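Read through the structure below, which is laid out as structure tokens, and then see the notes.
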Amino acid sequence: MKKSIVILVSFVIFITSLSAQTAYKNAKLSWGPEYKWNIKGDIPEIVCSNADGYYVFTQKAVGLYGLGTKYIIAKYNSKMEKLKEAEIELKEKDNDLELEFVVSLNDKIYILSSFRNKKLKKNFLFYQTLNKETLQPEKNLTKISEINYEGYKNSNDGSYSFVISPDSTKIAVYYNLPYEKGESEKFGYHIFDNNFNEIYQNKITLPYNDELFEISSFNVSNIGGFNLVGIEYNEKKSVWKVKPTNYKYHILSYNQDDPSGKDLPIVLEGKFINDLMCGSNNNNELIGAGFYSSMGTASIEGSFYIRINPETGEILADSYQKFSLDFMTQNMTDKQKQKTNKKASKGKDVEMWEYEMKGIIHKENGGVVVIGEQYYVQVVTRTSTSSNGSVTTTTTYYYHYNDIILINIDASGEIAWTQAIPKRQVTTSPIMQRACSFFTAIVDDKIVIIFNDHPKNILYKKGSPIYATNLGKNTTTVVVEVEADGMFNRKVLFDAKESKAICLPHACQQITPEEVIIFGAKGNKYKFAKLNF
Amino acid sequence: MKYLVLSLFQFILFTISLNAQVNSSNNISQYFDDGGISNASNIVEFNILSAINGDIGITYDRKLSDSFSAEVGLGFIAPYYTYEFRHPLWKLSEDLEGLSGYSLKIQPKFYVSLGAPEDSYVGILLRHRHYNYLSEPLGITDICVMYGTRYFVDNNICVSFELGFGYRNKLLIDPYSSLGGLFDHLIYPGSIKVGYLF
């Protein structure tokens, strides 16, 4: 009997100690109350936050078959309790305005809305500030842009988008200008300061035919430079085939003193550039980084880096570097590793399959950390025959979100370190894809990554199999802290079953350098949690 | 006197500020001066081809979103109704003497360009016509896939063209009818409509 008690106590101590070892202790997690939510609705977006709380914007589908949209803004206090919720009414006299976006600058919330005047054939853009108490737009509308689509159909009336500079002192509002198919794409942009005072505006006609050029992203620098990343194709996109010589990435850079801009082709001889992201560093230099391949667009072999003076177009640093075999095989099982090593020893190309670039972190020294994730869709078709002889075929799509990779590149273009964080998420539900992938925050000099994981992976060791979470019952939300030297540890943030919530990474947000808001949802309920570092 | 000057000065300032506010409001108003057409989502149309055919009616098309609209219609079958030109007109005047009835239609429409209610669309037309054929009541139900396009010739005035194909089901209301030779068949309806946006 005495022996049994000793064994039981030892077991309890062991379990407690194991739990203590795996729980995340570098930050305090506190949950707010639960609220009702439609999981099929849009994910709420935290648009503004301060010491008193934060404001959350949501679009809700309403009406017959969800054809209508309601725009809701809600105010939460620092305890994550909902204080007020209101539908944003966008009307000017009897005219309905269309909400374009909600943006926060300088602790103010701006509502940007448009009105298509079909008589004048102009699409006007206005801003209003949101009254943080009533949660309604102030009455004063200010017109900040217009798209003239005279001579074109009403459906060719353009659309507005925006990007904010890294230091949040500038906002670029850009829009498509109407053009005929086969012409060069045209668009315009305005650069505003963080009080919506216009600094300058510009209209651009791209130097490429619309059918041979695709814009992939826009960004604005801290001093108001406007840059876009695009892909030039040798053939029409509709007949495009994968060949290394078939497409070329370009960074097009414009600013107040150079409205006609500079076209900077990004070429790695004999390599495919599979992904390129662009931004600007604290010295307002243009930084581009991404992945390349020797085989095709489905795999990556290494990363590249380019640093450019946007005023002169001079390349200040550029490099590309192949990933090491150790890095590529680090999360493989022993069997997979053996197979890959054998392939490499025969001189065959070894690459990492189905990786997408997910983000780029600009470091103060001009270097970057490139973040990628393995993502692919597996299509499985099953055929079954019933007892009466009828044949049924079903097709299931499995969405896989796997390992996260980080490549730390210094300002000279050298890879300082690479790291692969093992992860397996798989779902057949397009809605549950919202719980896939990961969220990134920067805390001090660490990169903090939050994602949903299988509980068994918490004790994962290199070479051992990694378990896939289906984002159901067996789901634990984990925190991976990546240190400045690339070393990382994985700890449990919360268990989905105990917390009655699954983290939706895309709705999480870092609101201060030490605070992250987590969005957790389950069924028709959601709640926020605060993570204080 | 000093007090009077001060009051007068304040009054002028107040007037200027009020005027500035009104001007600002007027400045904004100019962007919304559109004769009420920009947010208009209702169109009433008259089908010219159908009227020539003997089905005189109007339709009401309501924009539901940038990609969807729904049209409903009501018509009167006139004595000169020509059964979609399948019979020679001279014969019809003899066969369908005193013919009259009604037509109903409903047609949800999908606009690929997100430009509803302007631009090209694809719709499913469900139409029912009820009238006497050789003195016997006859119900005709059509279900068709329609492709159409709508142009605005003026701010409020529009013209629509539609073509489609579908299936016609004919039902003799009297099961003991002596009429024979009425079979279900494929149809290829078309329309030209003029409409008013409000």
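Annotations for the structure displayed:
- Meets criteria (without any contact (Cβ under 8 Å) to a residue 40 or more places away in the chain, closer than 23 Å to A:G313 by Cα, surrounded by fewer than 18 Cβ atoms within 10 Å (Cβ to Cβ) and away from chain B (no Cβ under 14 Å)) for A:I223: no
- Verdict on A:T395 being crowded, with 21+ Cβ neighbours inside 10 Å, touching a strand residue (DSSP E or B) at 6+ places or on another chain (Cβ under 6 Å) and of a type in the set (S, T, Y): no
- Odd one out for A:K423 among (1) basic (K, R); (2) in contact with a strand residue (DSSP E or B) (Cβ under 8 Å, 6 or more places away or on another chain); (3) not in a loop (DSSP other than H, G, I, E, B): (3)
- If the condition is being more than 8 Å from every other protein chain (Cβ to nearest Cβ), hydrophobic (A, V, I, L, M, F, W, C) and farther than 16 Å from A:I73 by Cα, then region A:103-125 contributes A:L105, A:L125.
- Every residue from region A:139-152 that is loosely packed, with under 14 Cβ neighbours inside 10 Å and away from every other protein chain (no Cβ under 11 Å): A:E150, A:G151
- Screening A:H506 on (1) touching a residue at least 60 places away in the same chain (Cβ under 8 Å); (2) more than 24 Å from A:C48 (Cβ to Cβ); (3) outside any strand (DSSP E or B) shows it passes everything except condition (2).
- Considering residues of region A:172-183 that are crowded, with 16+ Cβ neighbours inside 10 Å and touching an Asp or Glu at 6+ places or on another chain (Cβ under 8 Å) only, the residue farthest from the other protein chains (Cβ to nearest Cβ): A:Y179
- Here A:L316 meets each of (1) more than 15 Å from A:N274 (Cβ to Cβ); (2) in contact (Cβ under 8 Å) with a residue 40 or more places away in the chain with one exception, condition (2).
- A:E100 being charged (D, E, K, R) and under 21 Å from B:S67 (Cβ atoms): yes
- Members of region A:476-533 found to be in contact with a Phe, Trp or Tyr (Cβ under 9 Å, 6 or more places away or on another chain), of a type in the set (K, R) and within 21 Å of A:I43 (Cα to Cα), listed by number: A:K525, A:K527, A:K530
- For region B:1-54, filtered to residues that are at pLDDT below 75 and hydroxyl-bearing (S, T, Y), the residue that is farthest from A:L97 (Cα to Cα) is B:Y3.
- Residues located in region A:131-157, provided they are among the aliphatic types (A, V, I, L, M), touching a Phe, Trp or Tyr at 6+ places or on another chain (Cβ under 7 Å) and closer than 26 Å to A:I72 by Cβ: A:L141, A:I144
- Matching residues in region A:315-371 - criterion: being farther than 30 Å from A:Y467 by Cβ, acidic (D, E) and surrounded by 14 or more Cβ atoms within 10 Å (Cβ to Cβ): A:D318
- Screening region A:127-244 for strands (runs of 3 or more DSSP E) wholly inside it with 1 or more residues that are more than 23 Å from the chain's Cα centre (by Cα) and among the basic types (K, R) returns the ranges A:142-148, A:184-193, A:198-209.
- Selection from region B:122-155 of residues that are polar (S, T, N, Q) and within 13 Å of the chain's Cα centre (by Cα): B:T149
- Condition check for B:Y81: without any contact (Cβ under 8 Å) to a residue 24 or more places away in the chain and touching an Asp or Glu at 6+ places or on another chain (Cβ under 8 Å): no
- Scan of region A:516-533 for residues that are buried (at least 17 other Cβ atoms within 10 Å of the Cβ) and either at pLDDT below 90 or under 19 Å from the mean Cα position of the chain (by Cα) (or both), ordered by number: A:V516, A:I517, A:I518, A:F519, A:G520, A:K522
- Counting only strands (runs of 3 or more DSSP E) that sit completely within region A:40-102, those holding 2 or more residues that are charged (D, E, K, R) and either out of contact with any Leu (no Cβ under 8 Å at 6 or more places or on another chain) or within 14 Å of chain B (Cβ to nearest Cβ) (or both) correspond to A:82-87.
- Boolean, A:S161 is away from every other protein chain (no Cβ under 14 Å), hydroxyl-bearing (S, T, Y), crowded, with 17+ Cβ neighbours inside 10 Å and touching a residue at least 24 places away in the same chain (Cβ under 8 Å): no
Yes/no matrix, rows are residues, columns are (1) surrounded by fewer than 20 Cβ atoms within 10 Å (Cβ to Cβ); (2) over 23 Å from B:H185 (Cβ atoms); (3) within 13 Å of chain A (Cβ to nearest Cβ):
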| position | (1), (2), (3) |
| --- | --- |
| B:K105 | no, no, no |
| B:D119 | yes, yes, yes |
| B:G139 | yes, no, no |
| B:V145 | yes, no, no |
| B:N156 | yes, yes, yes |
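- The residue that is farthest from A:A496 (Cα to Cα), counting only those in region A:435-481 that are out of contact with any strand residue (DSSP E or B) (no Cβ under 8 Å at 6 or more places or on another chain) and in a helix (DSSP H, G or I), is A:L459.
- Residues of region B:35-55 satisfying the condition of being outside any strand (DSSP E or B), touching a residue at least 12 places away in the same chain (Cβ under 8 Å) and within 28 Å of A:K93 (Cα to Cα): B:G35, B:G36, B:I37, B:A40, B:S41
- Of all residues in region A:126-137, those satisfying the criterion of being within 13 Å of another protein chain (Cβ to nearest Cβ) and free of Cβ contacts under 8 Å to residues at least 40 places away in the same chain are A:F126, A:Q128.
- Screening A:S155 against (1) within 11 Å of another protein chain (Cβ to nearest Cβ); (2) surrounded by fewer than 19 Cβ atoms within 10 Å (Cβ to Cβ); (3) within 30 Å of A:Y55 (Cβ to Cβ); (4) polar (S, T, N, Q) leaves a single unmet condition, (3).
The values are calculated or read from the model by the stated rules, or taken from the named source; none is laboratory data. The model shown is predicted, which means the values in this text are computed figures rather than measured ones. Using ideal geometry, Cβ is built from the backbone for each residue, glycine included, and neighbour counts are taken over all protein chains shown.
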